[in-house]
Structures are given as C-alpha cells and as structure tokens.
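The next block holds one structure in the form of structure tokens; read it before the comments.
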Amino acid sequence: MDKKAAGNPLLSIVIPAYNYANVLRRAVTSVLEQASEEVELLVIDDGSSDDAPAVFAVLSKLYGERFQGIRKDNSGPASTRNHGTRLTHGRFVLFLDADDELAAGMLPRLCDHLRKQPDVNFWLAGHIAIQPDGSERQYPASAVPCKLRKRLRHYLLDKKIPLSNGACVFSRELLMKRPYPEHLRQSEDVPVFAYALAQEKIGVLDLLLARIYKHPDSMRHNANSARKIGLSLVDEVFSSLPDDLQSLKPAYRTQRCLSLFRTCLLAGDLESARSYYREAVRTNWRALLKWSYTCKAVRLWSGLNL
C-alpha cells in the first residue's frame, strides 16, 4: 500500500465482494485489462463463505501487485465500501459491484475527464443493463438540473435521475465527509447519492461506463430488508442535506410510505401495509390522489382479492 500512496493515483476502484467468487474474476479483469498506472484497484471481501480465497490467489498470481485483495469480517455493503474508501489513495473513487464489470475501453476516457476537471465532486455516467435472459439495454446518463432543489426532486421523487454503482465516480473527499450509513443493509447508497447530487460541482459523462447485471433476487427487492429499514431511510437521506432542501422531506416520506405499503402488500404482510398507507395519507393527504395505490388500499380494506 505504501507504494500506491507514493504514486498518488488519480482513480481508485473499489470492488466490494460477498459470495461472488464465481464472477469476481470478470469484474477484476474488466478493470485491470484497461487500467494505467494512475488507477489502483482494491477488492474488499466482506467475509465471504465461498471460494473467494482461491480466486484471490489466482488473481494475485495473474496480476501480481496490481491486484490488491483484502479480507475482513462480514459487516455489510456500507461498511465494506467505507473500509475501501479509507484504504484508497486516489483523488476519485469508483465502486464496482463484484457481479458487474467496466465496459471495455471506457477507463482511459474516464480518466481523461477526471484529469481535466479535478474540482468536480461527483460524476454521472451511463451504463448497460444486462437482464437475466441476456438481453441488453443502454441507459445514458440523465441530464441534471442546475438548481439543487429541482435536482434532488428529480432524483428522490420523480425518479428522473437513475444512478448505479459502477456508473458514478465520487471525489474521495466527498465520501470521507458523507460515508455510507452502516446501519442500513439495503438502499444504503440512496443517502450518499442524494448528498452527492446536492454538491454544486458535478459532471455528466457521455460514456456507457459499466455493464450492470440485473438479478430478480437482489437486496433492493427483498421485502424483509425493506421492512426492517422502514422509514429510517427518510431521516438518513435528509440528515446530511442542507437546510434549504429539507422542505422535500415530507414528500419523500410520503413516497417511502407508499413504496413500503406496496412492498408489504406483495409480501402478504397486510397489517404493515395498512399501517404504511395510513401514514402516507397522514403525512400528505394528496397520497389519496395516487390512484394505483388508492385502488390497492380500497381492495385491501374491503377484503377483496388482491
């Protein structure tokens, strides 16, 4: 690590890994096959129970000192990303999920942008989504409004700024100021993305930076995890945002309640579904005007087949 520190890399790529030994080599290769000396790679294994040590040995033999593999006790994705950030030396940090990969030829182009505008705190790029059936779809980076309030509304409420790890680059300084919330085991990236979008200096890249593999059983669709987090996500998102953006919090709370209502309904937890819908309406009566949710609520309370 001392050698890397002395070299002052421009970009640090951190791959958090947990039981992804079967695809980890693909992710690492996608980075190191196009990385120059100004890029460092760290793979942080979060206490995997699979063949990760054997894969680490193979990658170490293949890439030598260019491969840095670190193992730690299991503590979740947020803790793993924070640990990786602390170990990096680059001015910028990119998190690449272990089951994804960087698109070929994109890393040199990314570094060129980072070199030319070192004062940008957050970069957005596009990505290619690969579905379970192998079909692909391109998602270019979204336009970002100049006004911060409109920007946060687009991201948190209107869902007009989709963001993905692997297709975003943070300044290391930003991540040290706003680390990932380690008490969250799902949606832990939302508060960090919101904070990053609230920065004045951000950039949008005309690059399809990563190939992101979609999984129907991902944590983001895990009902149990969503219910455990509940409304605490709302407070976490707004805990680091400036005062002039706090007025968006009630609307986001309402939206979160409706999302949890739908999640609980689909999971068969009808009592929790009722509770979250009541809270949505209590927070903002205009939730009644969201007809897709209201129709579900009417059927729920009338005991009709859902």
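The values are calculated or read from the model by the stated rules, or taken from the named source; none is laboratory data. What you see is a predicted model, and the numbers here were worked out from it, not measured in a lab. All Cβ positions, even for glycine, are placed from backbone atoms using ideal geometry, and neighbour counts span all protein chains on display.
Tabulated values for the structure
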| item | result |
| --- | --- |
| Any hit, the stretch 245-254, residues being farther than 26 Å from Arg149 by Cα, buried (at least 19 other Cβ atoms within 10 Å of the Cβ) and outside the structural domain of Leu110 (by TED's automatic domain parsing) | no |
| Residue satisfying condition, being surrounded by fewer than 17 Cβ atoms within 10 Å (Cβ to Cβ) and modelled with pLDDT of 95 or more, within set Thr85, Thr29 | Thr29 |
| Verdict on Gly76 being in the same structural domain as Lys116 (by TED's automatic domain parsing) and at pLDDT below 95 | yes |
| Residue tally, condition at pLDDT 95 or above, touching a strand residue (DSSP E or B) at 6+ places or on another chain (Cβ under 6 Å) and either crowded, with 22+ Cβ neighbours inside 10 Å or farther than 15 Å from Leu96 by Cα (or both), over the stretch 1-26 | 9 |
| Segments classed as helices (runs of 4 or more DSSP H), wholly inside the stretch 167-252, with at least 3 members that are among the hydroxyl-bearing types (Ser, Thr, Tyr) | none |
| Verdict on Gln131 being in contact (Cβ under 8 Å) with a residue 12 or more places away in the chain, closer than 23 Å to His215 by Cβ, touching a Lys or Arg at 6+ places or on another chain (Cβ under 9 Å) and of a type outside the set (D, E, K, R) | yes |
| Scope the stretch 243-255; condition under 10 Å from Glu279 (Cα atoms) and within 21 Å of the chain's Cα centre (by Cα); matching residues | Arg253 |
| Some residue of the stretch 204-217 being in the same structural domain as Leu114 (by TED's automatic domain parsing), modelled with pLDDT of 95 or more, under 16 Å from the mean Cα position of the chain (by Cα) and closer than 19 Å to Ser12 by Cβ | yes |
| Flag if Val43 is free of Cβ contacts under 8 Å to residues at least 60 places away in the same chain, of a type in the set (Val, Ile, Thr) and either part of a loop (DSSP other than H, G, I, E, B) or within 22 Å of Ser164 (Cβ to Cβ) (or both) | yes |
| Check on Glu173, modelled with pLDDT of 95 or more, assigned by TED's automatic domain parsing to the domain that holds Arg115, exposed (fewer than 14 other Cβ atoms within 10 Å of the Cβ) and within 28 Å of Val43 (Cβ to Cβ) | yes |
| Residues of the stretch 143-152 satisfying the condition of being under 26 Å from Leu208 (Cβ atoms) and surrounded by 15 or more Cβ atoms within 10 Å (Cβ to Cβ) | Val144, Pro145, Arg151, Leu152 |
| Contacts under 7 angstrom Cβ, first residue in the stretch 67-95 being in contact (Cβ under 8 Å) with a residue 60 or more places away in the chain, partner part of a loop (DSSP other than H, G, I, E, B) and polar (S, T, N, Q), 6 or more apart | His89/Asn8; Phe95/Asn165 |
